[in-house]
Structure formats: structure tokens, C-alpha cells
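Below: one structure, written as C-alpha cells.
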Amino acid sequence: MSKDNSQKSVQTTGHSWDGDLQEFNNPLPRWWLWAFYATIVFAVVYWFLYPTLPIGRDYTKGIGNEITYTTADGKTVTTHWNTRALFLKEKEEARKQQAQYLEKLAKVPYEAIAKDPELSAFALSRAKVLFADNCAACHQAGGDGVLGEYPNLLDDAWLWGGTYADIEQTIANGRTGMMPAWKGKLSEQEIEDVVEYVLSLSGEQVDAEKAARGKSVFMNNCAACHGQDGKGQKFLGAANLTDQIWTIAKVPLANSLDGKRNAVREVVENGKTRTMPAWKGRLSDTEIKILTFYVHELGGGQ
């Protein structure tokens, strides 16, 4: 086929420049045109069904379904369909559903919450927000606390008890724990010996002679709070010294036995006072119950 014949077989727009420069006419695929026409039809239908076109300070309301919902103050609102009205309706429906769950949570015992997967899931999701807003500043977002300052809620060591009733009492009414300072009350040798004995209670390999002398010091001065066996007393919030879980002394941060001795010695000499604020009056009874359940689940409870 010659060059002239090949050019004549191609459809052009009929325009020509410089004698032989022509513009080809390549029509769009038919399927593409039908899709384009369909979008136009869809747009026209949408104009009629939904709020669409601005008219002065107003807009077309459409002819779609009306939306009816009840506000928190009991008012019934009916309006044309729009995304804002849909959001408000869904928000009120969610609020009512939450209110039903909260009402149920307030009535059932903790054990029933734990056995109901749906109710416990709601309680835990709600509690995460409450914990983040009220408790995380001290106990941290994950509940692991700050060694020496705020208790770790993830372990199985409960200073004031780990039952639902104990935890609820702690959250509602607060707690104050005080370790007295023994510097000036005990001699340097007595402090050194009792530190050795305290470390021996948690299984550390210490100086046996010092620990033996320290036991006598412990029984005469420390056992009143920590118990003669060193396992603490719940009603005083006195720590268990035998479980290797340190709540005040920064023993876990020490890399040597001398470092552990210094960590315990600091607490023995200077003491420590910590206060858990009371949340009764700040939070509702149901919110305290939800937080109690959450904290109980964090640490495994008792």
C-alpha cells in the first residue's frame, strides 16, 4: 500500500496545515461514552434525591427519606436527610445503647460482668478512656506505674488487697501509705544489718552474719507493719518483702548487690509516704465500678 493510500484510510477532522499536516479524528470508545452519560444521569438523579444545589443562603433539600431522632433532652427532631442529621441520629442511638449498658453494669455484680463477654468488652473499652483521663498521669498509660512513686498495676502484688471490694475501696476512698524514716532512730550498724536481712527475705545471697543480726532489728522495729514473716499486712498497705516485687526500693534498677543494698538503705533511712487520692465525688459510682473491674483485670485480681 502506498503512502498516499495509507493516509487516506485514516479518518481526519478535515483540517490541514502547511499542506500536508492533518489532525486525526480518534473517537472515544463507545463504552467510555456510555459511562460518561451514566454519570450525568446519576448527577441529575442525585440533585433531586439529596441536598445538593446552593440557592442564595439556602440549598435544595432533596426528596429523600426524612430522619427522625430524639435528642438527649427528650426533644424529637424530624428533618430532611443530610449527613449531619444522620450523624446526630447515630450519635443519639449510640448514647442510648451506652446508657443501657451502663444501667446494666450498675446492677450486676463484678463476677457477672466477667462472665458476660459483651458486657465485659464494653466495660473494658469504657474503662480505658476513664483510666487515661484520670489514672494514667500517675500509673502510666499501660498501668505499669513508676518504680518508687506509683504502684505497678500489672503485677500480682496488691498493697491494699486485690479483690473487687479492696480495689473499689482504694479507688473510691483513696489510700495513704507511710514508711517511716529510721535514720537517727537506728544506728548505722543496725540499718546496715536490717538492709541485709530485708534482701535475704527476697532470696538475695547476702552476708549471713549481718542478716542474722538484722533479723533481730527487723522484729523489734519493722515487723509491726511488715509482719514477722515479712509478707506485709493489707490493712496497713505494708509491702510483702518476700515476693521479689519491689514497689518503693529501686532494687530492680541495681546491677550489683551493693547497688541493691543502697536502694533498700535509701528507703529505710528516709522513709516514704504515698497518697492515692479519693475518686468518690469526682467519678460516678458506675465509673468507679468500671475502673475497679479494669484494674482487677490488669493485675489478675485476687
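Some notes on this structure:
- Here the relative contact order of region 1-142, from alpha carbon pairs under 8 Å that lie six or more residues apart, stands at 9 percent.
- Helix 30-49 and the long axis of the chain differ in direction by around 70°, with both axes built from C-alpha atoms.
- Between the helical axis of 188-201 and the longest alpha-carbon principal axis of the chain there is an angle of about 60 degrees.
- Pairs beyond 26 Å (Cα-Cα), from Lys75/Lys96; Lys231/Lys272; Lys183/Lys210; Lys115/Lys289; Lys75/Lys128: Lys75/Lys128
- Among Lys61, Lys289, sorting on how many other beta-carbon atoms sit within 10 Å of each Cβ, with the fewest leading, yields Lys61, Lys289.
- Structure remark: mean-square fluctuation, Gaussian network model of the chain, C-alpha springs under 10 Å; the largest value among Asn240, Asn134, Asn26 belongs to Asn26.
- The relative contact order of the chain, computed from alpha carbon pairs under 8 Å that lie at least 6 residues apart in sequence, is 18 percent.
- Correct option for percent of Cα pairs over 27 Å apart [calculated from the coordinates] among (1) 65; (2) 40; (3) 52: (1)
- Prolate is the label for region 59-202, because a/c, from the alpha-carbon gyration tensor with a ≥ b ≥ c as root eigenvalues, is 1.5 or above and a/b exceeds b/c.
- Annotation: the residues Thr292, Thr60, sorted from fewest to most other C-beta atoms within 10 Å of their own C-beta, follow the order Thr60, Thr292.
- Residue exposure sequence - Arg213, Arg282 - by fewest surrounding Cβ within 10 Å: Arg282, Arg213
- Near the amide H of Met179, within less than 5 Å, lie the amide hydrogens of Lys272, Thr273, Arg274, all on another chain or at least 5 residues away, with H placed in the peptide plane.
- Principal-axis tilt of helix 164-173 within the chain, Cα atoms, nearest 10 degrees: 90
Every number in this text was worked out from the coordinates using simple rules, so none of it is lab data. Since the model is a prediction, treat every value here as computed from it, not as a measurement. Virtual Cβ from ideal backbone geometry, glycine too; neighbours counted across all protein chains shown.
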